[in-house]
Each structure stands twice: as structure tokens, then as C-alpha cells.
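The values are calculated or read from the model by the stated rules, or taken from the named source; none is laboratory data. Quick caveat, the model's predicted, so the values are computed rather than measured. With ideal geometry, Cβ positions are generated from the backbone for all residues, glycine too; neighbour counts draw on all protein chains shown.
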Amino acid sequence: MSTTISNPALRWVDERFGAAKGVKTALNKVFPDHWSFMLGEIALYSFIILLLSGVYLTLFFVPSMTEVVYNGSFVPLKGVKMSEAYASSLDISFDVRGGLLMRQVHHWAALFFVGAMSVHMLRIFFTGAFRKPREVNWVIGTVLLLLGIVEGFLGYSLPDDLLSGTGLRISEGLILATPVIGTWASSLLFGGGFPGTDFIPRIFTIHILLIPGIILALVTVHMLLVVFHKHTQFPGPGRTNRNVVGYPLMPVYMAKAGGFFFIVFGITVLLGGLVTINPVWMFGPYVPNAVSAGSQPDWYMGFLDGAVRIMPALEYTIFNHTLSLSLIVPAMILPGIMVTLMALYPWIEAWASGDKREHHLLDRPRNAPTRTALGVMALTFYGILWISAGNDLIAITFGLSFNAITWTLRFALFIVPALAFWVTKRICLSLQRRDRDLLLHGRESGNIMRLPHGEFIEIHTPVDEAVRAKLLAKEDITPVLMPPTEDANGVALPRAGRQRLQAKVSAWFYGDNVPKPTEAELAEAEAHFAHLTDGQHHDHKEISSH
Amino acid sequence: MSDLVHHESSTTRPTPAPIPHALRRADIDPKAARRAERQVAIMFALSALFTVLFVIAFVAIDPSVEIGLPVIGTTSALNVSMGLTFGLAIFLIGTGAIHWAKKLMPDVEVVEERHEFASSAEDVAAASETFKVGAAESGVMSRPLIRRTLLGAMALFPIPLIVTLRDLGPDPATSKFHTMWRSGMRLHTDVSNQPIRAADIPVGNLINAIPDGLEEVEHEEGNLNERAKSVVVVVRIDPADIRSQQGGTAEEPWDYNGILAFSKVCTHVGCPISLYEQRTHHLLCPCHQSTFDLADGGKVVFGPAARPMPQLAITVDSEGYLVAQGDFTVPIGPSFWELS
Amino acid sequence: MRFLASQRRHPLAGFAVMLAALVVTGLSFAAIDSGTEQVAADTVSETVVAQGKTLFAEGCSSCHGLNAEGTTDGPSLIGVGAAAVDFQVSSGRMPMAAQGVQAPRKQSIYTEEEIAALAAWVASTGPGPAIPEPSDYDTTNADLSAGGEKFRVNCAQCHSFSGGGGALTNGKYAPNLDAATAKQIYEAMITGPQNMPVFSDTTLTKQDKQDIIRYIEELRKGSNPGGLDLGQYGPVTEGLFLWTAGFAALIAAAIWIGVKAK
């Protein structure tokens, strides 16, 4: 192999970095095609859009709480005292051509960023893509989601308008509620009392440097791991746990993924031009003596705000110190539990299944009924908290009393998720039964046949290869066996308690699975079809040729 | 046709997956292929056109011009033109690239094998051996003195990084326990900053008030901290409807003929609240719906707040203007660790 | 229809239906914020107290009593003043169509003359705020940005930053200000209708009120530099729009990318 690179620039690169080998591998990298695999890309692309529009905004934004008198072109605020941060936000909106567009693009992209991370995570969860060997990437994803939420909230706070200032005031209240260190933490963060003049410049640095830097680093690791592990795939013909079927990076995937970046970017810019987001000029500058009805945070903080809204009053004095459980429970303990359970879920499920294999073929959600039901339960719980954050807007929109809504939601938070779990699990198991029937008895063809003795029957035809491959990819997990508590000699076994717990959890997870047909059953079904089609082949063909 | 796609590079390309593959119109019909080619090119050309239009819009449209559009209503002509042209310019590059990929690039799925991630037994043994030899050579296990002092040094060295954060803010000390309200200090109307005559307040009235001299204090301190603590709401309730107050005696009541002053800062998380219902005497917080009954000592009647709204004792001065009797007797605003 | 019927088992049929639903939901936000036109009631020139008394007996006395002394169904109106009557009747809140937590705004059933007569009669039962003169709520000399500050401190807490209204306790609400006339806004501030507190001229001066009215008029111009305003409910409708129209568009694109070309 004495081929030399004719292009001098490329040769220069290759002689220094030996790039050709890596490029060859990279260009042949295979990516499976499915719309739900694009959700993570939306998050990535939104992040790039955020970096681009964010850099633009920093050129004009002044992160300062120094008081100035506004004299820009937005007439209703002329002569009003405000912080430089708010005044520069108005300037960006009204006096910098393209500034308003960039502000709106930045904000829409931020909402898309956190939203896409969330739905991407749901896709990973419901298809079991977090299983071995991808557990660490799941945790990185969890951290990215949290960082995205914090980053979004800080960005929402920067313009120092009345709405974001109200949000900061609420954050200050939450910080104060932290046991032991709350008062000191608040004083340090705000540089003394609230609102002070230090906070906006401080969170500006965190918002444009610290957190984006960490996100960028983690996104890099996240994606390198995707390349290293190779993408998961849905079951189908030719797809096994040992291969990956799809399109090579060069050219198809590159065109599709690259094109999708432009689509996401284009839609975000169109929204920025057509749909108002965060009209800071409407809210007025932040002053600690004013508030607006209907003060809500951006959607991703909604669940937290909702939890705080429906929490009943609860405050104790212990050893001469105040413990504000009204805030500690909904804003610290609850999200702490939610995030911990989310991050640890891959290990919880692996423990319950006792499964130590690698998984590269995705589950269809119905084939993991307990996981799916747990996911829907968590989603419902989250959804109710989310709705709670809009209790006042729901009240006024539908002419209801928020007191009644709040009480309803307090109960619903416990009842509806449990119900959702049960219903989802039933639906999954029913779908499993349907899949089993499809394999054994085929699909209803819609063709009615009259038998010689007068009976009418509907002809069932076997499912096609693609569907069959999909259905046969179902994995039946046998629950971990209940171990004996003592050995043959009647001596108590160590660790029996833990193993028995594992067996119980495992039975709860996998006990009511509807098993996939056995080889024998499938062979029998095939023979049955063969017999039927002999007689019906002709009819079937005639109808399907229309 | 699919042969043509792969013949020249079959040695370096991944193998096609052994699954049935239907040919596309563009694979069979050269006309369809040319049509697809044209469609892609039109999208790219339109994109370029929109970029030009963007620049024209940027230069030509005055930022103050407004236009009325269906559905959207009156909006900034510049913003909507820039958003549409720039957005479409980007969007069309995306749709063009994808249309190209879908119609004209090979759509035969290929297969790549996976490999175990775990290292081979030999590699594990070699790595472990290398590490053990290296560790022995360093003497980290045989020289505990070095090991322990190093661990100690490593554990301590981040401390300065934390210590230097100390000067982010002052010792909160007692700052949360008092506001600028003093005995005899007049209540002024918020925004207009005028003193308030008791006789001017009808029953059912609401006044958002600040302490006299607040603006001077703010000017001196250069921040809005005092405003965040000392704002109050003043309401007048028919004395017959007042069921309780937080303090005062019959001789020296905290109200003045049914005129009551309460902190405006919610005891839950500190939103300034003045959603006052004059018939129910309820004060409602728009942030988390805590509701306080001002006719009953500011007690919480609904929502997550746990403490009543602190009452400011008021009276009138010799000229009939409302004045404070002193500072609040309890801390205002959200609860904190040192509160009780 | 045959096309639809034949496609309903198509693997994408479910997505198509869902997308259609999402898009419809997204677009329907455009319809949320619809203002209504309201004819301003001019001030009364001459009143006939007796005519007012007759009208009162016919239309109001069943709840408020023959002599406006009040009953278990309605409060006493003695001393509420002509401004309160003018506000309540001209905005259609009184007479109420049905007992409820709050009287909603609706088309007034009385003519301007009849309202003036009613107001004159109620005013004759005891002293109270008079109907403001046009000069009181004239905003030619008002300061717009000062009005904004006063609005945010005194009004936005209930009526929201946009004047769109907000929820109060137990089903009560602060109404949307879009339909209220300058006169009605002025009257509401001096009389404190229903649960709204009073903002008397002595504590919130005429100038303050004119500034505030000027700001509300500015809000009602309905200019949205950023585009579609989503009802001006703040982040809640922005979030709903994101999760309906926004993600529908992106996911539709993702599905298009994943579907094999024919």
C-alpha cells in the first residue's frame, strides 16, 4: 500500500496526526435510523444554538445591578429607574437590530434544550437503553439534565425583570430554609441582604462560563461513549444483540444529522421571529415591592414550584431553631429523592433481574411492563407537580377555585400515579398477549371464508418477516429464584435475607410476564398456517392485488 | 441499481445488511432522480435567496416599524422579517440535505459487528502486573510515612479554595431581625412617596406603603435591600370586623381606628404580596397561594406559609399622619434557621 | 374517505392523528386572548331621582331591599355613592344573572339615562363617591412610565403585568382589564367593587390614577414586538406552546428523516 495523499493540506495533516485511519473508521461508523434516536440530537443542537446566540448576547448584555435611568426607545419605561442588566436587556430587545431575535432564539433554544434532554431520557428509559454497558452514560445524562435546569434558571434570572426577580426572591427563601447553613449561604451568595448588587454579575459568570463549560465537557464524554458503545437498535430483521444495522456516517448519516441540525436551528429561529417568549419589557424592572399575578417559572422549574405550592404549611422549632418543612420537603427532600432514584435506576433494575449481560437491542416498552409502569408512574407524579405550578392559571381559565384545585392535587399526587402504574402494567401485559397471539395465530386478514358446512370464519395470515423478527426479539426474564434460608444441614445461610429480598423484588418486576411462544408452539403454528394457506392462497392473492 | 451504488467501494465500505430492500423511484427511474436533484437544488437556492433577503431586511427596515399580521397581530416588522428570512434560510439547508440523503444517497442499510467491551484475560493480567510492579517501585506501600503525609496533604489542600469564599458576603448577624422602621417614622405611599393622613383612608382601602426616608437609605446603601424588608400594606377594616391583632392593648392598640399595617413580604418565601380582598380581609400571595386573614392577626388560612404576616404597630402623629410605633417585633419574610 | 379508511392501519396513522391534535392545540392559543368591544357610557347630565327609585324597585330591590338597605341576598347600598352604581350597572355586573362568588362583566341591560337615574337615586340615600368627571380620567397630561410603576405596585399583583387578570381565593378573580373604560377603571379604584380594595383619591391621587389609566391604555394597544403573544400569561403558555407546537414540529421532522423514501 504505497498510495500517497495527493492533496498537500491533507497530507500535511496525516503526516502529523495519522488521521486517515481514524477518518476511515469514523466515516464507516454505522448509525441505526429511528425518529426517536433524534431526540438526543435535538438537545445537542439546541446546546450549540445556545452557545452561538449566547455569545452574541454577551456582546450587548451588561451584568450589573447598578441603578440607571432608562432612556432607550421603549417608551413605556422611559425615565424609570432600573438595573443596568435590565436596561441592557431592553436595549438588546429594542435598540440592537436582531437583538430581540437572538434573545428569543436563545430562550426558545433553552426550553428546547431541557425539553429534548427530558424526552431523550424518557426514550432511553422506556426502551431499556440504560442497561449494561450504558449505565454510566445514563448517569452523565442525569447530571446534564440537572445542569441544564440550573443553567436555564440562571439565564431566566439574568435580565433582572420583575418576573425573574420574583423567581430569585423565591430562591432566596429556599436558601434561607436550608437547615444550619441557610442564613449564611444566603448572605454569601447575595453579598449581604437580598437583592444586593452582587448576585447578577456572579450568576452571569456561572451562566456563561462555569456551567456551559461543564456541560460541554460532559456532552463530549456522553457522545464519545455513544461512539464507543455503538448505538442501540430496535429489534428487526437482521438485527441482533451482536451487530448494529443502519447507515454509515459518510454520507447518509452525516447528511441526515447535519441536515437535522439546520432544521432544529431553522425552527428555533422561526419561533424567535414569530412567537414572543419572555417579553421582559412587559414585566418591568425588578423591584422588591411589586409582584405580578400569575408569576411562574419556565416549564422545567414548574415541578418544583408546583411541589412548593401544594405543600401544606409545616414548620417546627427544634432546639430553638426553625425548621421550615414547608420548603425543605418539597424543594429539597422531594427532588433529592427523585433525582437519586432516577440516577440509580439502572442498578435497581439490574439487581431485580439478576441480569449481567450486555444489551444492545432495545426493549419494546410493553415487554418490560414493570419498568414501563414505573416510568409512567413517575411521569404522572411529575405531571401533577407540573400542573400544580399553574393552579392559579387553571383556576382563572376554567372558572374554578384554586383552593379546591390545590386540595384535589394534594390527593391526586398520591392516587393518580399509583393508578397510572396499575393501568400501564395491565395495558403492557395485554399487548404482550396480543403479540403472542399474533405469532401463534397470525393477523386478521379481513377476508371472510365460508366453510363447506356453512360456518363463516375470518382468515388469519401469518405476520410478515419484519413484524415476526420484532416480536421474536422479546426477552423473557425469569425472576430470581427464592433462595432457601438454610442449607441442607439446617444451618442458616449468610446473606439469605438480602437474596430473599432480591427474589421478592424480582418476582414483583418479572412475575406476571406473558412468555413468548416456544419453538414447539411456533412450529405448530407454522404447520397450521401452511395447511390453511394451501386452500386459501388463491383468494388471498386476489384480494390483496386490488 | 444497488450494485451500482456499491461496486466501486465494496472493499472499504461496511457490508449491506442481509435484509430485503426495496428500490426507490429514484433508483429505477432516472427522471425521478433528476427531479429529486432539482428539488434539492431549489431548496439550497431558496436558502441563499432568503439569506440575501435577510440582509436587505436588516438594512431596509427601521426597528420601530410595526406591522399587523394575521394570527400574530401587531408586531415588529424587523423582528418578524429577520426571523422568517433567517429561519427559512437555515431550515431549507436542512430539508435540502435530508431530501438529498433520502432520495439520492444509497439507502441500503449496512451492518457493523459489535465486540465485547471487557478486556481479555491476558490484558487484565498484564495491566495488573504492570501496576503492581510500578506500585512496588514507588514504595507507596512500603513507606507508610510518605503515604500518610501525602494523603493528609491532599485532603487539606482544597481548604484555602473554600476559605477564600468567605468574603463573598458579610456575617448575616442580626440583619434578618430588624428593619428600618422606628418609633414615629411616617408611613409614605409607595411610588408617590407622600405621607398618609389617617382621616383620608376609607374602610376597604388599601395602600402600599414604605417608610419615610427609604429613598435616602437606598441612596446611601446603593441597593434595594431595605425596600425588600420594610415594605408594608395598610388597610382599613371596620373595627367591628377585626377579630384579633398580634399585639397592643386597649389603651395602646397596634391599629388606629381599624387602620392596620402588615409586612408586605410573605412569610413563606418572601414574595411581596398585596392581593387584598377587602370583603374577606384576605391577603393572598400570587406565588404559592398562601392566604392570610388580616382581620384575624394576619393568620394563615390557606397555603404553605406557616407563620402569620407580621403586623407593624402604628398610630398617628400630631398632624394626623400615620406613623410606626417601632420596628416589627418579629422577623419579616421567610423562615430561617436562627429565627426562633 | 376511502383513502383515510385504507390508511388508518398505516404504522404512521397514530402519529398523524397525534400530530394533528398537537398542532390544533398549539394554534388554539392564538384564540385565547380575544378582547371584547365595549361602548363607553358617557357621564350623566341630568337625573331624575324618582325615575331611579322606580327602576331600583323593579330591578334591584329583590336583593338590595326597597330602600337600598340590603337583604340576605345583597349588601346595603346606602352610602356606596353614584360611582359604585355607575360602575356596577354600566359594566353589566349588576343586576347579577345568578348568585355566585363574583358578578362577571356582561352587556349592560340599562340605557345610559337609566343608569344615571339609578345612580342619582342611590346617591340620594347617603353620601358616597360621585361619578367622576371626564376631566378626572382624562389622560392627556398623564405620565406613561410613572403609570407603569404605579400599576406594577398597586394593580399588577391581582390583574397581572399584562392587565389580563388573576385568580383570587375560592374561585374569585381579578378581571381582565381589556374591556373596562377609563371611567370604569377610575370608578373601580375609588369604590372598590366586590373584593377589590378601595384606592381613594386621597391615598392614590387623581394624577396617580390618570397615570395608571394611561398605562392600561398602552397595554391594550396590543403591540407584541416579539410576535404571537400566547395570551400574555407568561412562562406557562410558553411552556405549553413548546410542548405542543414546538416539539410537534421537531418530532415531525425527525419522523420524516426516519421514514424511508419511496
Completion exercise
Reported set for segment A:236-251 where residues are in contact with a helix residue (DSSP H, G or I) (Cβ under 9 Å, 6 or more places away or on another chain), under 17 Å from A:Leu472 (Cα atoms) and either at the interface with chain B (Cβ under 7 Å from one of its Cβ atoms) or charged (D, E, K, R) (or both) is A:Pro237, A:Gly238, A:Arg239
Handout entry: Scope segment C:137-149; condition part of a helix (DSSP H, G or I), surrounded by fewer than 23 Cβ atoms within 10 Å (Cβ to Cβ) and more than 7 Å from chain A (Cβ to nearest Cβ); matching residues
Key = C:Ala146
Problem - Cβ pairs under 8 Å, 6+ apart, first in segment C:84-106 and without any contact (Cβ under 8 Å) to a residue 24 or more places away in the chain, second of a type in the set (A, V, I, L, M) and in a loop (DSSP other than H, G, I, E, B) - result: C:Gly92/C:Ile109; C:Lys106/C:Ala97
Exercise for the section: May I ask you to say which residue of A:Gly246, A:Gly236, A:Gly192 is of a type outside the set (D, E, K, R) and under 30 Å from B:Gly169 (Cβ atoms)? Expected result: A:Gly192
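Out of all the residues in segment C:50-104, which are charged (D, E, K, R) and under 29 Å from C:Phe199 (Cβ atoms)?
C:Glu69, C:Asp73, C:Asp86, C:Arg93
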Completion exercise
If we ask which residues in segment C:175-228 are of a type in the set (A, V, I, L, M, F, W, C) and assigned to a loop (DSSP other than H, G, I, E, B), their number turns out to be 6
Practice task
Kindly state which strands (runs of 3 or more DSSP E) lie completely within segment B:221-340 and contain at least 1 residues that are within 12 Å of another protein chain (Cβ to nearest Cβ), touching a residue at least 40 places away in the same chain (Cβ under 8 Å) and under 22 Å from C:Ile190 (Cα atoms).
Solution key: B:232-236, B:259-263, B:275-277, B:282-284, B:322-324
Problem - Top-ranked residue of segment A:68-85 - restricted to ones that are touching a helix residue (DSSP H, G or I) at 6+ places or on another chain (Cβ under 8 Å) and away from chain C (no Cβ under 12 Å), ranked as surrounded by the fewest Cβ atoms within 10 Å (Cβ to Cβ) - result: A:Val68
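Being over 20 Å from A:Pro251 (Cα atoms) and more than 7 Å from chain A (Cβ to nearest Cβ) is the filter here, so list the residues in segment B:12-24 that pass it. It would help to see each step written out before you state the result.
Within segment B:12-24, the subset over 20 Å from A:Pro251 (Cα atoms) is B:18-20.
Selection gives B:Pro20 alone.
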Fill in the blank from the handout: Wholly inside segment A:326-399, helices (runs of 4 or more DSSP H) that include 1 or more residues that are within 14 Å of another protein chain (Cβ to nearest Cβ) and crowded, with 20+ Cβ neighbours inside 10 Å are A:369-388, A:391-398
Exercise for the section: Could you give me the residue pairs with C-beta distances under 8 Å whose first residue belongs to segment C:206-218 and is within 11 Å of chain A (Cβ to nearest Cβ) and of a type in the set (S, T, N, Q), whose second residue is surrounded by 24 or more Cβ atoms within 10 Å (Cβ to Cβ) and in a helix (DSSP H, G or I) wherever it lies, and which are 6+ apart or on separate chains? Expected result: none
Exercise for the section: Collect the residues in segment C:93-124 that are among the hydroxyl-bearing types (Ser, Thr, Tyr) and surrounded by fewer than 18 Cβ atoms within 10 Å (Cβ to Cβ), keeping them in residue-number order. Expected result: C:Thr111, C:Ser124
Completion exercise
Counted residues in segment B:101-126 being under 30 Å from B:Ala48 (Cβ atoms) and part of a helix (DSSP H, G or I) come to 3
Practice task
Given the conditions (1) among the hydrophobic types (A, V, I, L, M, F, W, C); (2) more than 13 Å from every other protein chain (Cβ to nearest Cβ); (3) crowded, with 16+ Cβ neighbours inside 10 Å, report the number of the one that B:Ala126 does not fulfil.
Solution key: (3)
Practice task
Among the candidates A:Ser88, A:Ser93, single out the residue that is away from chain C (no Cβ under 13 Å) and at pLDDT 95 or above.
Solution key: A:Ser88
Completion exercise
Those residues of segment C:152-167 which are assigned to a helix (DSSP H, G or I) and at the interface with chain A (Cβ under 7 Å from one of its Cβ atoms) amount to C:Arg152, C:Val153, C:Ala156, C:Gln157, C:Cys158, C:His159
Handout entry: Filter result for the condition that a residue is part of a helix (DSSP H, G or I) and of a type in the set (A, V, I, L, M), over C:Ala116, C:Ala98, C:Ala68, C:Ala130
Key = C:Ala116
Fill in the blank from the handout: Subset of segment B:50-100, residues in contact (Cβ under 8 Å) with a residue 12 or more places away in the chain, more than 9 Å from chain A (Cβ to nearest Cβ) and assigned to a helix (DSSP H, G or I), comes to B:Phe50, B:Thr51, B:Leu53, B:Phe54, B:Ala57, B:Ala77
Practice task
Please state which of the following conditions A:Arg309 fails to meet, knowing it meets all the rest: (1) under 30 Å from C:Pro175 (Cβ atoms); (2) of a type in the set (Lys, Arg); (3) more than 7 Å from chain B (Cβ to nearest Cβ).
Solution key: (3)
Practice task
Within segment A:192-221, track down each residue that is crowded, with 19+ Cβ neighbours inside 10 Å and either aromatic (Phe, Trp, Tyr) or within 14 Å of chain B (Cβ to nearest Cβ) (or both).
Solution key: A:Gly192, A:Gly193, A:Phe194, A:Pro195, A:Gly196, A:Thr197, A:Phe199, A:Ile200, A:Ile203, A:Phe204
Completion exercise
Among A:Phe37, A:Phe31, the single one that is touching a Gly at 6+ places or on another chain (Cβ under 6 Å), crowded, with 20+ Cβ neighbours inside 10 Å and within 14 Å of chain C (Cβ to nearest Cβ) is A:Phe31
Fill in the blank from the handout: Pairs returned, first residue in segment C:51-77 that is without any contact (Cβ under 8 Å) to a residue 60 or more places away in the chain, second residue that is among the aromatic types (Phe, Trp, Tyr) and in a loop (DSSP other than H, G, I, E, B), beta-carbon separation under 7 angstrom, 6 or more apart or interchain, are none
Practice task
Name the residue, out of A:Phe265, A:Phe283, A:Phe228, that is facing chain B (nearest Cβ under 7 Å) and either among the hydrophobic types (A, V, I, L, M, F, W, C) or buried (at least 18 other Cβ atoms within 10 Å of the Cβ) (or both).
Solution key: A:Phe265
Problem - Checklist (1) within 14 Å of chain A (Cβ to nearest Cβ); (2) in a loop (DSSP other than H, G, I, E, B) applied to B:Asp167, failing item - result: (2)
Exercise for the section: Any residue in segment C:161-177 that's free of Cβ contacts under 8 Å to residues at least 24 places away in the same chain and surrounded by fewer than 24 Cβ atoms within 10 Å (Cβ to Cβ): show its pairings with residues that are in a strand (DSSP E or B) and not hydrophobic (A, V, I, L, M, F, W, C) at Cβ separation under 9 Å, as long as the two are six or more apart or on different chains. Expected result: C:Gly165/C:Tyr173; C:Thr169/B:Glu277; C:Thr169/B:His282; C:Thr169/B:Thr291
Practice task
Considering (1) surrounded by 24 or more Cβ atoms within 10 Å (Cβ to Cβ); (2) facing another protein chain (nearest Cβ under 7 Å); (3) over 30 Å from A:Glu41 (Cα atoms), say which one A:His321 fails and leave the rest.
Solution key: (1)
